[in-house]
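Undergrad: Can you read through this structure? Questions will come right after.
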Amino acid sequence: MNLHEYQAKALLARFAVPVSPGLVVNQSVEAAPERLPASQDGRWVVKAQIHSGARGKAGGISLADSPEAVQTQAAKLLGRTLITAQTGSTGLPVHQVLIEPAVAIARELYLAMTIDRQSQRVVVIASAEGGMDIEEVSEKNPGAILRLQVNPTVGLMAYQARQLAFALGLTNSAFKQFPALLRGMYDAFIAEDADLIEINPLAVTQENHLLAVDAKITIDSNAAYRQKALFDQRDLTQEDPTEVAARSSGLNYISLTGEIACMVNGAGLAMATMDLIQSAGGQPANFLDVGGGTSTEKVAAAFKLILANPRVRAILVNIFGGIVRCDLIATGIISAAKEVGLTIPTVVRLEGTNAAEGRQMLADSGLGLIAENDLAKAAERVVALSNGVPQ
């Protein structure tokens with residue numbers, strides 16, 4: 001679950017990470033001059049709040065040199081759909097704008113924390129080349145990327161923070177400030193169940209102080225039950241509407257760009273199914289895990305999600321009947337197909353308890369459902385159907 005920049009900064013501030021004072025406005029709250037945060041040189045930065053990077057390149061961040069200019073820039077952004085290099089062609093709606101005093105920056109650093117799945121540890125990633133995409137820095141100058149792993153038994157150690165401060169070339173007050181800042185990031189990462197905390201840029205000001213100029217935080221969705229206050233801040237307008245609808249039905253759904261929809265019970269099996277579709281020459285339209293103990297209602301909801309995608313030309317249903325018998329799953333598929341008026345070519349691969357009975361039920365349904373017991377053959381068949389090859 002992603003946080004907006006203003007939400008991420010508010011979280012970091014609770015852990016003593018230095019951030020600029022800011023004012024969040026929307027279409028019902030104006031950027032009145034008396035409400036603006038104090039600015040030493042009479043300039044402010046106006047930032048569109050969307051779940052995407054590269055906002056500046058897309059016109060989502062601007063500099064204003066008067067309160068009147070702040071109001072003008074905010075009005076231009078609010079209600080606009082902003083298209084960046086990361087949003088795709090549909091873009092994202094701007095419902096909030098963050099206004100902060102402009103900062104005189106001497107240097108820009110990159111600082112982030114995430115989880116290294118291989119070592120099963122929190123890893124700190126830093127670079128003296130901040131203010132740009134870390135992927136670009138890694139590609140052009142991999143030696144500029146600094147990494148340190150945190151032992152979960154002892155946590156972040158002070159000497160690690162000092163070593164990283166030396167490596168980043170920090171001096172005097174900035175050097176002294178860095179260990180506490182890094183410790184605050186780590187404490188926030190652990191306490192709030194974060195997947196990612198990224199500060200880019202971490203500014204070294206003209207006064208040689210550190211300041212988080214921009215911040216991105218992603219919270220582990222599995223921690224929703226114990227991070228209720230954070231998840232109450234979730235902005236669903238920034239997310240794929242289909243994925244939002246899937247969550248409300250208890251489905252795990254991720255939109256992709258292909259033409260063959262997948263409905264599978266089990267995340268690992270879903271990944272294998274998508275791989276086989278690609279191996280057969282097709283492209284999956286989605287990741288969709290209906291769960292181990294699926295039901296007629298879930299299957300019907302899954303079909304509705306699939307049919308809402310205009311790119312879908314064929315469907316592959318891949319179910320392993322372990323927790324639920326295949327004949328019961330077949331009953332659910334038939335009922336759901338009738339409910340939604342399924343007309344798109346659909347291949348159903350059933351394997352497990354009572355699989356033969358389930359396949360026979362599909363064949364006798366009169367709905368044109370194609371039953372298979374071999375996954376590779378099912379993938380080849382659905383790719384052929386998506387290409388208009390009659391079966």
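Undergrad: I'd like the residue in the range 94-108 that is outside any strand (DSSP E or B) and not hydrophobic (A, V, I, L, M, F, W, C) and, out of all such residues, is nearest to Pro241 (Cα to Cα).
TA: If we filter the range 94-108 for residues that are outside any strand (DSSP E or B), which is where we start, we get 94-96, 102-104.
Those left that are additionally not hydrophobic (A, V, I, L, M, F, W, C): 95-96.
On the way: His95: 16, Gln96: 19 Å.
Out of the qualifying residues, it is His95.
Undergrad: Which pairs have Cβ atoms under 7 Å, sit 6 or more apart or on different chains, and link a residue in the range 33-47 that is on the phi < 0 side of the Ramachandran plot to one that is open to solvent by 80 Å² or more (accessible area, probe 1.4 Å) and not in a loop (DSSP other than H, G, I, E, B)?
TA: Cβ pairs passing all conditions: Arg43/Leu63; Val45/Leu63.
Undergrad: Grab the strands (runs of 3 or more DSSP E) fully contained in the range 284-374, keeping just those with 1 or more residues being touching a residue at least 12 places away in the same chain (Cβ under 8 Å) and of a type in the set (Val, Ile, Thr).
TA: 314-321, 346-352, 369-372
Undergrad: Scanning for something open to solvent by 50 Å² or more (accessible area, probe 1.4 Å) and closer than 30 Å to Gln40 by Cβ, does the range 242-263 turn up at least one residue?
TA: There is no residue in the range 242-263 that is open to solvent by 50 Å² or more (accessible area, probe 1.4 Å) and closer than 30 Å to Gln40 by Cβ.
Undergrad: Scan the range 259-272 and report the pairs whose first residue is over 8 Å from Asn318 (Cα atoms) and whose second residue is open to solvent by 10 Å² or more (accessible area, probe 1.4 Å) and aliphatic (A, V, I, L, M), with Cβ atoms within less than 6 Å and a gap of 6+ or a chain change.
TA: Pairs found: Ala261/Val312.
Undergrad: Test each condition in (1) at pLDDT 85 or above; (2) more than 14 Å from Val264 (Cα to Cα); (3) not polar (S, T, N, Q) for Leu328 and report the one that comes out false.
TA: Of (1) at pLDDT 85 or above; (2) more than 14 Å from Val264 (Cα to Cα); (3) not polar (S, T, N, Q), only one is false for Leu328: (1).
Undergrad: So, one more: Which ones in the range 172-208 are farther than 21 Å from Val150 by Cα, among the small types (Gly, Ala, Ser) and over 28 Å from the mean Cα position of the chain (by Cα)?
TA: Residues satisfying the conditions are Ser173, Ala174.
Undergrad: If I ask for residues that are open to solvent by less than 70 Å² (accessible area, probe 1.4 Å) and aromatic (Phe, Trp, Tyr), which ones from the range 141-183 would you list? Outline the logic, then answer.
TA: Taking the range 141-183 and keeping what is open to solvent by less than 70 Å² (accessible area, probe 1.4 Å), we get 141, 143-146, 148, 150-151, 155-156, 158, 160-161, 164-165, 167-170, 173-175, 177-182.
Of everything in the range 141-183, those that are open to solvent by less than 70 Å² (accessible area, probe 1.4 Å) and aromatic (Phe, Trp, Tyr) turn out to be Phe175, Phe178.
Undergrad: Run Ala378 past the list (1) without any contact (Cβ under 8 Å) to a residue 60 or more places away in the chain; (2) in contact with a Lys or Arg (Cβ under 8 Å, 6 or more places away or on another chain); (3) open to solvent by less than 30 Å² (accessible area, probe 1.4 Å); (4) among the hydrophobic types (A, V, I, L, M, F, W, C) and report the number of the one that doesn't hold.
TA: If we test Ala378 against (1) without any contact (Cβ under 8 Å) to a residue 60 or more places away in the chain; (2) in contact with a Lys or Arg (Cβ under 8 Å, 6 or more places away or on another chain); (3) open to solvent by less than 30 Å² (accessible area, probe 1.4 Å); (4) among the hydrophobic types (A, V, I, L, M, F, W, C), just (1) comes out false.
Undergrad: What are the residues in the range 219-252 that are at pLDDT below 90, among the small types (Gly, Ala, Ser) and not in a loop (DSSP other than H, G, I, E, B), if any?
TA: Once the filter is applied, which keeps residues that are at pLDDT below 90, among the small types (Gly, Ala, Ser) and not in a loop (DSSP other than H, G, I, E, B), the range 219-252 yields Ser221, Ala245, Ala246, Ser248.
The values are calculated or read from the model by the stated rules, or taken from the named source; none is laboratory data. Small disclaimer: the values here were computed from a predicted structure and weren't measured. Cβ sites come from the backbone with ideal geometry, for glycine too, and all protein chains shown count toward neighbours. Surface areas here come from the heavy atoms of the whole protein model, side chains and all, with no ligands, DNA or RNA. Shrake-Rupley method; radii C 1.70, N 1.55, O 1.52, S 1.80 Å.
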